[in-house]
Amino acid sequence: MAEDFALKETAPKIAGSGAIIDGDKLTCTYDLVEQMHYIYVRVVKAKDLPPKDVTGSCDPYVEVKVGNYKGVTRHFEKKLNPEWNHVFAFSQDKLQASSIEVVVKDKDVVKDDFIGKIVFDLVEIPRRVPPDSPLAPQWYRLEDKKGDKLKHGEIMLALWKGTQADECFPDAWHSDAAAVGSDGITKIRGKVYMSPKLWYLRVNVIECQDLVPSDKNRVPEVCAKVVHGNQALRTKIVKGVNPLWNEDLIFVAAERFEEQLIITVDDKDENLGKCMIMLNSVPRRLDNKPVPSKWHNLEKHIIVEGQKREVKFASKIHLRISLDGGYHVFDESTHYSSDLRPTSRQLWKSSIGLLELGIISATGLSSMKKNKDGKGCTDAYCVAKYGPKWVRTRTILDSNSPKWNEQYTWEVYDPCTVITVGVFDNGHLSGGSDSRIGKVRIRLSTLETERVYTHSYPLIVLQPSGVKKMGEVQLAVRFSCSSYFNMLYKYTHPILPKMHYVHPLSVNQIDVLRFHAIQINVVRLGRAEPPLKKEVVEYMLDVGSHIWSVRKAKANFFRIMNVLSGFIAIAKWFNQVCHWKNPITTILIHILFVILVLYPELILPTFFLYLFFIGAWRYRWKPRHPPHMDIRLSHADAVGPDELDEEFDPFPTTKPPDKVRMRYDRLRSIGGRIQTVIGDLATQGERFYSLLSWRDPRASALFLTFCLIIAFVLYITPFQIVILLGGFYVLRHPKFREKLPAMSSNFFRRLPAKSDLLL
């Protein structure tokens, strides 16, 4: 089963010659995907078409046919000189014809009328190779069904042979989308999207003056509420008509700053004043220098005879507002991000290289829905996200083995970043949601520079029924470096911008702000055409990854155990040395120990030399492939059905009370074990501190007496002799060992802790 979820190296028919690096400029060649050959037909316009209707006009449209494939333009009503400017792309791999036919027809209610046609031999169509200029369209006289020239009617066309590198490729109407109407063609085209630039909006609410409550006999209990879009925060409640808060409230704001900042001052249910501020007038802060504060007038409205009326008075609020561009605004997981730059472009450093991604194909995709014939089908497309740039391939209709062969590039500013590629089923045409098929994450720092990685990545999805392989996606990845020194220099820099360390945000703040940043991305990308739907953006950004699940808890526990296993192995090895399991090894350790004690200046060089030899020895086993999702590490292959049901339960839960009670009891059981471990760690620390606390007077007296004796012995005895005797005692032969615990261990376990003070 593990082999089905493993990464596979592939050998696609690609050039893979690498990026062209010219100074600081990096130019990508279209060489990470297989070449796909197309016949392009650009239908520009027509003139002097013969009328077909009684009104002396016609409703023309163009039909382009190549064998069994055909594409149709939109029609114009009552127009003899229409302009379409439409491009069709017919894949040469699927063509079984020797000619291409362009037919002009008149749209009719019963049967469309024939106007004229043009026939071209495929052999005579010229080939165009970018960066050649586009082929100039020409006028062609229309012919009747017998092939005779018409007296009236011409059409302007351009025909050429090319590949997917042609600039017309993204906007062309492909032959495999013939069943899609003109209204749906935009929903299956490939597009590039840009995330909005996000800023942290810091509102320092300082104080208010001269508030006027309606009840003069009561001291108001005042708080300030700040609202930006769907984000709302409040200050603490302070009594008095001149309250002082001096609190920082932080929001996420997206550039063009269309939403106002609304500040209201409330006394319980009464509004004491309100002011609105446009963010375009707010200063932008790039460093830790504070911006000047300002006093703002508070407006108040009352209802007089059913009408809202503004009341002028002297209440003011003191604010310090800034857009902090020195931070990086997280919209992805804090454990892996595709962009770590600050918001302000003025703080950006130069790029260190170029990331090129070739999305080649997919195989064995699961059927996600049923077509009109009731058969399973998948309309698959890919989405890749790196930094603020999102790319979306065209949708391949009704295919479980689609071939995209599209290539995209990104500038790289930090090698310790991750690109995410997701595969989805297009639900636009049926009016449903886009179903997720699977995704791949690739960390750039695990890639060798200038090398082309071609692998087939399994698409793994955890479903309520268990882990499932939804197919495989074939990718080609290359990370080209413009300056190897600059890339290595990046490793010595802090991961995050300076402001994260000068004025750090708490973990809870980052989680809340990340949630709002994701929601802003969902809204903005959902307003594009075609839109990136909410479920796509949230899946790519790992929304909900922080929700509790037993499976994730187990996975993280075993991750910790795996980390500690190395230290445990060293401890076991040293215990074997001390107990003379291998006498030769123990004797060698004795010799090394004596040398290091007599020549202590060799300790650090020996330690680092040992690390060097270990690293050099392991070089032969270094990973040759990029890492990929591991179902065993995730414990996805061993999770129970009830645990899966709990993980897919929405928050808050929708399960019946008895099911929730059972899960709560299980969570209490797990929490009890964690509680015990944490308590044991706390007990050991408290026992250590109790040595000098005199909580146990006898134990403290014994420890202080021991310290005095040891201090006297160390004072009169050479330090090297002490270390040698101590080392020989630790490494003594089993004949000189007792089976009972050591005296120091017995003493330490008898020390008091605060566990007996707990209720």
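What the table below lists for this structure:
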read-out	value
Residues of segment 47-63 satisfying the condition of being crowded, with 19+ Cβ neighbours inside 10 Å and under 48 Å from the mean Cα position of the chain (by Cα)	P60, Y61, V62
Segment 282-295: number of residues that are over 32 Å from the mean Cα position of the chain (by Cα) and either hydroxyl-bearing (S, T, Y) or over 10 Å from S322 (Cβ atoms) (or both)	3
One residue from F515, F485 being of a type in the set (F, W, Y), surrounded by fewer than 21 Cβ atoms within 10 Å (Cβ to Cβ), modelled with pLDDT of 90 or more and outside the structural domain of R256 (by TED's automatic domain parsing)	F515
Cβ-Cβ under 6 Å pairs, at least 6 apart or on other chains, segment 52-78 side more than 10 Å from S175 (Cβ to Cβ), far side small (G, A, S)	R74/S182; K78/S57
Residue list for segment 343-369, restricted to those being buried (at least 22 other Cβ atoms within 10 Å of the Cβ), part of a loop (DSSP other than H, G, I, E, B) and not hydrophobic (A, V, I, L, M, F, W, C)	T343
Residue match in segment 495-506 (condition: surrounded by 14 or more Cβ atoms within 10 Å (Cβ to Cβ) and of a type in the set (F, W, Y))	no
Matching residues, segment 317-329, being buried (at least 22 other Cβ atoms within 10 Å of the Cβ) and out of contact with any strand residue (DSSP E or B) (no Cβ under 8 Å at 6 or more places or on another chain)	none
Restricting segment 27-63 to residues that are under 28 Å from K111 (Cα atoms), of a type in the set (A, V, I, L, M, F, W, C) and not in a strand (DSSP E or B), the residue that is modelled with the lowest pLDDT	V54
Output for segment 636-665, where each listed residue is of a type in the set (K, R) and under 32 Å from the mean Cα position of the chain (by Cα)	K655, R663
Segments classed as helices (runs of 4 or more DSSP H), wholly inside segment 575-659, with at least 1 members that are among the small types (G, A, S) and more than 23 Å from A553 (Cβ to Cβ)	603-617
Considering residues of segment 546-562 that are assigned to a helix (DSSP H, G or I) and among the polar types (S, T, N, Q) only, the residue farthest from T653 (Cα to Cα)	N562
Condition check for E529: assigned by TED's automatic domain parsing to the domain that holds F424, out of contact with any helix residue (DSSP H, G or I) (no Cβ under 6 Å at 6 or more places or on another chain) and assigned to a helix (DSSP H, G or I)	no
Which numbered condition W199 misses (of (1) under 30 Å from the mean Cα position of the chain (by Cα); (2) part of a loop (DSSP other than H, G, I, E, B))	(2)
Residue match in segment 564-587 (condition: under 30 Å from T395 (Cβ atoms) and of a type in the set (F, W, Y))	no
Considering residues of segment 64-111 that are part of a strand (DSSP E or B) and touching a Lys or Arg at 6+ places or on another chain (Cβ under 6 Å) only, the residue surrounded by the fewest Cβ atoms within 10 Å (Cβ to Cβ)	E83
Residue, surrounded by the fewest Cβ atoms within 10 Å (Cβ to Cβ), within segment 737-748, restricted to residues that are in contact with a helix residue (DSSP H, G or I) (Cβ under 9 Å, 6 or more places away or on another chain) and not in a loop (DSSP other than H, G, I, E, B)	F747
Residue count, segment 450-475 (criterion: among the polar types (S, T, N, Q) and at pLDDT below 90)	2
Some residue of segment 541-550 being crowded, with 17+ Cβ neighbours inside 10 Å and modelled with pLDDT of 90 or more	yes
Residue list for segment 532-569, filter: more than 22 Å from D511 (Cα to Cα) and touching a Lys or Arg at 6+ places or on another chain (Cβ under 9 Å)	L532
Any hit, segment 370-383, residues being among the hydroxyl-bearing types (S, T, Y) and not in a loop (DSSP other than H, G, I, E, B)	yes
Tabulated pairs, segment 707-720, first in contact (Cβ under 8 Å) with a residue 40 or more places away in the chain, second among the hydrophobic types (A, V, I, L, M, F, W, C), C-beta under 7 angstrom, 6+ apart or interchain	Q720/V597; Q720/L598
Leading residue by the ranking (farthest from the chain's Cα centre (by Cα)) among those in segment 116-135 that are within 19 Å of E83 (Cα to Cα) and at pLDDT 90 or above	G116
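The rows are residues; the columns are (1) over 30 Å from L429 (Cβ atoms); (2) of a type in the set (D, E, K, R); (3) at pLDDT below 90.
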residue	(1), (2), (3)
A165	no, no, yes
A172	no, no, yes
I188	no, no, yes
L201	yes, no, no
L211	yes, no, yes
C223	yes, no, no
G240	yes, no, yes
L249	yes, no, no
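The values are calculated or read from the model by the stated rules, or taken from the named source; none is laboratory data. Computed from a predicted model, the values in this text were never measured in an experiment. Cβ sites come from the backbone with ideal geometry, for glycine too, and all protein chains shown count toward neighbours.
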